Amino acid sequence: MKVDIAIVGGGLVGGCIARALCRSGLSLALVEPRSARPLSAAGFDLRVYALNPRSVRCLEDWGIWPKLAPERVAPVQEMLVVGDDGSSKLEFSAYRSDVFELAAIVEESNLQQALAGSLEGQADLAMLSGVECLHADWTESAAVLA
């Protein structure tokens with residue numbers, strides 16, 4: 001298979017790059033040895049991301065944000081950061097900053113599932129799931145992945 005861009009690693013970074021390049025006119029391949037972890041049926045995923053409003057807008061623009069399970073997204077409207085000595089503190093408030101929220105907390109598995117759903121059917125993208133890239137041979141005009 002010959003493509004303009006091969007992205008090795010379909011995690012959050014690789015998947016978002018593939019989504020951002022949608023409609024770029026380039027042919028893409030996303031190589032990922034594992035599939036996205038399912039949402040936890042009992043409790044929440046301990047791996048979470050705090051996404052700032054600009055990151056959320058990017059995910060909205062790429063069609064990823066609407067695919068999240070909304071009941072598993074938590075807004076951060078206030079934040080208190082305490083230093084190791086217990087006396088140093090920083091306080092942040094969305095209200096005082098005149099914004100709706102400072103960030104959104106999203107489980108890693110929720111984000112991966114939404115990303116995978118947004119990549120399905122992307123016309124310019126060949127998904128190579130269950131495939132591991134072991135090495136690449138580089139020439140002046142191309143790279144061959146194996």
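The values are calculated or read from the model by the stated rules, or taken from the named source; none is laboratory data. Computed from a prediction, not measured in an experiment: that's the story for all the values here. Positions of Cβ are generated from backbone atoms using ideal geometry, with glycine treated the same way; all protein chains shown enter the neighbour counts. Surface areas here come from the heavy atoms of the whole protein model, side chains and all, with no ligands, DNA or RNA. Shrake-Rupley method; radii C 1.70, N 1.55, O 1.52, S 1.80 Å.
For region 90-123, the candidate set comprises residues that are aromatic (Phe, Trp, Tyr) and assigned to a loop (DSSP other than H, G, I, E, B); within that set, the residue that is least open to solvent (accessible area, probe 1.4 Å) is PHE100. Does region 128-146 hold any residues that are touching a residue at least 60 places away in the same chain (Cβ under 8 Å) and open to solvent by 90 Å² or more (accessible area, probe 1.4 Å), and which are they? GLU132, the sole residue that qualifies. Has region 41-53 got any residue that is among the β-branched types (Val, Ile, Thr) and in contact (Cβ under 8 Å) with a residue 60 or more places away in the chain? Yes; the residues of region 41-53 include at least one that is among the β-branched types (Val, Ile, Thr) and in contact (Cβ under 8 Å) with a residue 60 or more places away in the chain. Can you say whether TYR95 is at pLDDT 90 or above, within 17 Å of CYS16 (Cα to Cα) and not acidic (Asp, Glu), as far as the supplied structure shows? No; evaluated as a whole, the condition is false for this residue.
If a residue must be at pLDDT below 95 and more than 22 Å from the chain's Cα centre (by Cα), how many such residues does region 58-79 contain? Result for region 58-79: 1.
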